[in-house]
Each structure stands twice: as C-alpha cells, then as structure tokens.
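Have a look at the structure below, then the notes.
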Amino acid sequence: MNIKKEPMSLEGYDLLVEEFKYLLEVEKPKTAEEKRVAAALGDRSENADYQAAKEKLRFIDKRLFYLDKMIKSAQVIDPSQHKHTKVSFGSTVTLCDLDTDEELRYTLCGVLESEIENLLISIHSPLARAMLGKGVGDTLKVKLPKGEKEYEIEKIEYINIFLLKKNIRTKKDFGFK
C-alpha cells in the first residue's frame, strides 16, 4: 500500500510523536486502571465510572490510530535548509493583491501546522499550490470562493513556522477530560 506523504516541519513531527507517546505511555494505562477499578465495583451496565473510562479508552485509541497514521505518512522537511529563492514548503511569502494593492503575508506549512487565522496556510491550499515554485516578481492567479484573484510575489523569506504559530498543543492538551 502506497502511503501519501504529508509534509511537516521537524517541530510539527516531534509534537505528534510526543502526543503519541504521552497517550500510549501515560493516558491509556491510567484510563485502563480507572476502568479496571470501576469494573471491580460491580454491575458494569449501571456503573457510570466504568462507562466513562470505557468511552475515554475508545477516544484514546482513535487518537492513537490517527497519530500513528500521520507519523507514518510524515515527510519531515527542514525549511531552514532551503534558499527560498522560489516559494517552497516553509516559505513566508509577501504578496500584493493586484486589484486592491493590499499587502498580504502567508507562510506555507503542513496541514496539521496550518492556522489560517495566523496566516499559516496548508501547502495543499489553492493559494499555496499557485505560489509553489514561483519567484519574486512573478504573478499568479488563484480561484477562491469569492472569485479569481491575481497576486504578485513581492518577497520570499524563511521564518520558522513555530515562531508564527499561536496554537501549539502541550501535554495538558493531549489528555482527555
């Protein structure tokens, strides 16, 4: 079976692995013990603690399955090693909207690292795909939900994706309440 590779930064990959290990080594054993203790109390069909632990284990297993799939399909890219003379993964691109003269700045990242509200866009998005391989001074047209837009690339630079992210998951976010 051919797994489609998903580009991501080293920090993004490390975060996936950290969450996977935490769920597997901390949350799952703790929840399994909660389920075992609740089961020892008797009638499982009316035991809310048992049902809650059973449901929590199901959520943990689903998340572990998803994380394992993402880890196995990861194509770790270190954008700091690229020259960024052309737009590529990890490039921060300053665009000029040719209709409005508005300046916009986007950073191309993996789908799991994207935060559109912080202008971190997935490399799979229509705008990112239109920018890939282009250089400063190049123009591009992209079909967006509100119609076609035309941009000119004004600047291409490298800024670490994780310096721009605002929503970085930590161990307190990994668990299930």
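Here is how the numbers come out for the structure above:
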quantity: Peptides ranked, highest mean first, by Cβ atoms within 10 Å: ranges 72-83, 13-24; calculated: 13-24, 72-83
quantity: Computed [θ] at 222 nm, helices only, for the chain once each DSSP H run of length n ≥ 4 contributes -39500 (n - 2.57); calculated: -11000 deg cm²/dmol
quantity: Bridge type composition, the chain - antiparallel percent by DSSP, nearest 5; calculated: 75
quantity: Percent RCO, i.e. relative contact order, over the chain, from Cα pairs under 8 Å lying at least 6 residues apart; calculated: 25
quantity: Alpha-carbon centroids, segment 27-50 and segment 101-157: separation in whole Å; calculated: 49
quantity: Packing-based order for 135-143, 54-62, using average beta carbon neighbours within 10 Å, highest first; calculated: 54-62, 135-143
quantity: Phi to ³J(HN,Hα) by Karplus 6.51 cos²θ - 1.76 cosθ + 1.60 over segment 125-133, Hz, x for Gly, Pro; calculated: 5, x, 5, 4, 4, 5, 7, 3, x
quantity: Proximal lysines relative to LYS72, as straight alpha-carbon distance under 20 Å, when same-chain residues fewer than 8 apart are discounted; calculated: LYS4, LYS5, LYS21, LYS62
quantity: From phi via Karplus (6.51, -1.76, 1.60), per-residue ³J(HN,Hα) for segment 101-106 in Hz, x at Gly/Pro; calculated: 6, 6, 9, 10, 9, 10
quantity: Local net charge near SER73, Cβ-Cβ under 9 Å (Lys/Arg +1, Asp/Glu -1); calculated: +3
quantity: Cα centre as origin, Lys/Arg/Asp/Glu Cβ charges: segment 1-136 dipole, Debye; calculated: 760
quantity: Non-local Lys pairs in segment 79-164, i.e. 8 or more apart or on different chains, that have alpha carbons under 23 Å apart; calculated: 13
quantity: Kyte-Doolittle mean at least -1.0, axial Cα span of 27 Å or more - DSSP H helices of the chain; calculated: 48-73
quantity: Neighbour-count order for GLU27, GLU11, GLU113, GLU46, fewest beta carbons within 10 angstrom listed first; calculated: GLU46, GLU11, GLU27, GLU113
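Every number here is computed from the coordinates shown, using simple stated rules; none is lab data. The shown structure was predicted, so the numbers you read here are calculated from the model rather than taken from an experiment. So basically every Cβ, Gly included, is an ideal-geometry build from the backbone, and we count neighbours across all protein chains shown.
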